[in-house]
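Sharing a structure below in structure tokens format, with a few things to ask.
The values are calculated or read from the model by the stated rules, or taken from the named source; none is laboratory data. These numbers were taken from a predicted model, which means no experiment stands behind them. Here Cβ is always computed from backbone atoms with ideal geometry, including for glycine, and neighbour counts include all displayed protein chains.
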Amino acid sequence: MLKEKIKSDLKEGLKATRGIEVSTLRMVLASVLNKEKEKRYKIFKEKPEFKETELEKESELTDEEIIEVLFSEQKKRKEAILEFSAHGGSAEGGEKTKIEKAIDKEKAEMEILEKYLPEQPSEQYLKKLAMEAISQAGAKELKDMGKVMANLMPKLKGKVQGGQVSEIVRSLLGEGDK
């Protein structure tokens, strides 16, 4: 299970004093715990008769759900890098600014997160799947995007971020408008 792998890698990181890895994995585990708490609360509302042990077992995240958490954390890092880059500037004399150091930290965290994510399908493969979904949905324009995404995302869940798929579908449907 992915959660166990992350915990194991955290222990190794602690022993080897790899600071950035430790802080990143702790952050991931905290995010996973928060998602599990959310899930547990929803289950409790639906099935109040569940005992605490049953609730705990039912609310454990699947590997697919953990991958969604990892994608979310990766997205936060990308957004932070963009934000820092917009405000960045180079220091004189070759010394890094605080912003450049922050960007480096975010990039290092992204690299750590990527170790736990599945291999990303190629853009060409995603376009092929998107075109098939567009054809199956009979989509002709951007307003049909919801139908296409509803058809496409179950096939890609846990493999790729929805935003990336959305961009591809939008560009393909946008081309159809012309």
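Scanning for something out of contact with any Cys (no Cβ under 9 Å at 6 or more places or on another chain), under 19 Å from residue 109 (Cβ atoms) and not charged (D, E, K, R), does region 44-66 turn up at least one residue?
So far as region 44-66 goes, yes, one or more of its residues are out of contact with any Cys (no Cβ under 9 Å at 6 or more places or on another chain), under 19 Å from residue 109 (Cβ atoms) and not charged (D, E, K, R).
Would you tally the residues in region 121-170 being among the polar types (S, T, N, Q) and in contact (Cβ under 8 Å) with a residue 24 or more places away in the chain?
Qualifying residue count, region 121-170: 2.
Within region 85-96, does at least one residue satisfy the condition of being modelled with pLDDT of 90 or more and closer than 30 Å to residue 34 by Cβ?
Within region 85-96, none of the residues are modelled with pLDDT of 90 or more and closer than 30 Å to residue 34 by Cβ.
Residue 113: over 23 Å from residue 2 (Cα atoms) and surrounded by 14 or more Cβ atoms within 10 Å (Cβ to Cβ), yes or no?
no
Then there's this: Any residue in region 17-29 that is exposed (fewer than 12 other Cβ atoms within 10 Å of the Cβ) and assigned by TED's automatic domain parsing to the domain that holds residue 108? Before you say what the answer is, go through the steps one by one.
So in region 17-29, the residues exposed (fewer than 12 other Cβ atoms within 10 Å of the Cβ) come out as 17, 19.
Narrowing the set further to residues that are assigned by TED's automatic domain parsing to the domain that holds residue 108 leaves 17, 19.
The answer is yes; a qualifying residue exists.
Let me ask something else about it. Please give the helices (runs of 4 or more DSSP H) falling wholly within region 1-92 in which 3 or more residues are among the charged types (D, E, K, R) and under 26 Å from residue 155 (Cβ atoms). So that I can check it myself, show each step before the final result.
On the way: elements: 2-15, 19-46, 52-59, 63-87.
Fully inside region 1-92 and qualifying: 19-46, 63-87.
Given the residues 60, 64, 56, 52, which is the only one that is acidic (Asp, Glu) and modelled with pLDDT of 90 or more?
Just a single option satisfies the conditions, and that option is 60.
Can you tell me which residue among 156, 152, 129 is crowded, with 16+ Cβ neighbours inside 10 Å and either closer than 30 Å to residue 25 by Cα or touching a strand residue (DSSP E or B) at 6+ places or on another chain (Cβ under 7 Å) (or both)?
Step by step, each of 156, 152, 129 is checked, and only 156 is crowded, with 16+ Cβ neighbours inside 10 Å and either closer than 30 Å to residue 25 by Cα or touching a strand residue (DSSP E or B) at 6+ places or on another chain (Cβ under 7 Å) (or both).
A further question follows. For the condition among the charged types (D, E, K, R) and touching a Ser or Thr at 6+ places or on another chain (Cβ under 9 Å), what is the one hit in 123, 119, 109?
Being among the charged types (D, E, K, R) and touching a Ser or Thr at 6+ places or on another chain (Cβ under 9 Å) holds for just one of 123, 119, 109, which is 109.
Still on this structure, please answer the following. So, residue 21, is that one of a type in the set (D, E, K, R) and modelled with pLDDT of 95 or more or not?
yes
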